[in-house]
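To start, the structure itself, in structure tokens.
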Ligand code: BG6
């Protein structure tokens, strides 16, 4: 079961993602013996750098992330650099030559991974050059790893897909959604499909609603330029939020293969009720942060941020009510919300079960709490089950007790970072935790209908939530209309 040898070419190797995530993740894999000696990494970027200069950068990035290391010099000896102008054949020819040399030096057998960790406008051009300049013409496997955003809407995603498909087949394309690399997101399936306690209840007879919250405390930071064109709907909902919903909603796959799992997710996404035109306001709420306090610090509103229009109509918060029109879920709302500058950095799923038919322990003015299953995705990882049990003493009153499982305390160590797992999956050729084109297309077609309306109608109430709060009041009202409320997650 040895990890295959591989030559990994990282485009955008001087960028932030490579520095913060990719190099440290590769190092962790190396440390754990999950990379054979038959691997090499070529950093590719515009600026000229020597191999040595690049190795030093990689070393810095790893040491910044982990502190000390005794084998860092061994590790960086596998790194090389090639300056590249994305639209110039000559530089791909040089890269091809370097790749061939390294292939031989490390006995890699022609296995190649092309990781595009850079601005998406170049994805198509790079993929086409990789083919026309012969880099994909190799004896081993060839795989393309591609970061988000995968397009801006369905037509642009389709166009991008057509271009990369000229050089790679669907099964060779690994579209990253880093939420799919998170330990507890991967755990959704296991919790659902390996417990007699949950799967029989996982439907509209026993579940009243599901809430998925992904809140951040950070604002848009230095990414105003990107974010102005994206907004929370494209940045978080089209990918991460809909992926979590698909995993919560899908039918059990007949077996745990990439194809079967993806095909069930696709079916769940196909069952998403399209929300269009006038009804959008009943199903979706948009928000934009104003100034306010986060962690005791007064921070400016979104419209005051760097590279943001003073009159910006971009949403930094989205709450939505999704309906999945199939047999299992008819009538059960999936509420999602995500935003920047909220109260806490937290991703959680709350599954609220229906009330029991008759409550013998009903206390005046205080209804019995429903059972909840809370899946903590980050920062803490774990599960909490809210049950009712007897209050101690001479009474027949019930109170809520919480059964807690914390992932970290059991393993006794930090769980691997999402990127580490995803990189390893890619080297092994397991595409399960990457998004298939059909998922991307369905998500865009759902989201496009909302962004079309939002872009054509200016929100007059922006900013409509203060920094450091859980978002606009309308998001609470949306649930209240259905007789629910957001369970506190912070
Ligand atoms: C990214 C978005 O995909 O996810 C960012 O572009 C967001 O805007 C980030 O901050 C959140 O990821 P995480 O893992 O910190 O929840």
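What follows draws every value from the coordinates through simple rules; no lab data is involved. Everything quoted here is computed from the prediction, not taken from an experiment. Every residue, glycine among them, receives a Cβ derived from its backbone with ideal geometry; neighbour counts consider all protein chains shown.
Details
- What the pair-distance distribution of the stretch 114-230 shows, using all Cα-Cα distances binned every 5 Å from zero, is 2, 8, 14, 16, 13, 12, 12, 11, 8, 3, 1, 0 percent.
- Here the stretch 423-474 was treated as a single set of alpha-carbon atoms; its pair distances binned every 10 Å from 0 give 18, 24, 26, 22, 10, 0 percent.
- Gap separating the Cα centres of the stretch 16-56 and the stretch 342-401, nearest whole Å: 46
- Taking 20 °C and 1.002 mPa s as conditions, the chain diffuses translationally at an estimated 88 µm²/s according to Stokes-Einstein applied to its Kirkwood radius (Cα pairs).
- Cα gyration tensor category, rounded, prolate or oblate, for the stretch 239-387 with a/c compared to 1.5: oblate
- The helix-based estimate of mean residue ellipticity at 222 nm for the chain, built from -39,500 (n - 2.57) per DSSP H run of four or more residues and divided by its residue count, is -9500 deg cm²/dmol to the nearest 500.
- Taking every Cα-Cα distance in the stretch 57-124 and sorting them into 5 Å bins starting at zero, the pair-distance distribution P(r) comes out as 3, 12, 18, 19, 19, 17, 9, 3, 0 percent.
- Helix 258-270 and the longest principal axis of the Cα set of the chain meet at an angle near 50°.
- Centroid-to-centroid separation of the stretch 429-478 and the stretch 86-124 [C-alpha atoms, Å]: 35
- Helix axis angle, 89-105 relative to the chain longest principal axis, alpha carbon, degrees: 90
- In degrees, nearest ten, helix 154-165 long axis to first principal axis of the chain (Cα): 30
- Max-minus-min Cα coordinates of the stretch 383-490 on each principal axis give 61, 49, 27 Å, with the largest extent listed first.
- For the stretch 253-304, the square roots a ≥ b ≥ c of the C-alpha gyration tensor eigenvalues yield an a/c of 1.5 or more together with a/b not exceeding b/c, which makes the shape oblate.
- The chain: antiparallel DSSP beta bridges as a percent of all, rounded to 5: 55
- What separates the Cα centres of the stretch 217-296 and the stretch 60-79 is a distance of 36 Å.
- With only Cα atoms counted, the stretch 10-75 has Rg and Dmax values of 11.4, 32 Å.
- Annotation: peptides 71-84, 452-465, 138-151, ranked by per-residue average of other Cβ atoms within 10 Å with the highest first, follow the order 138-151, 71-84, 452-465.
- Relative packing of 170-181, 227-238, which averages over residues the other C-beta atoms within 10 Å, highest first: 227-238, 170-181
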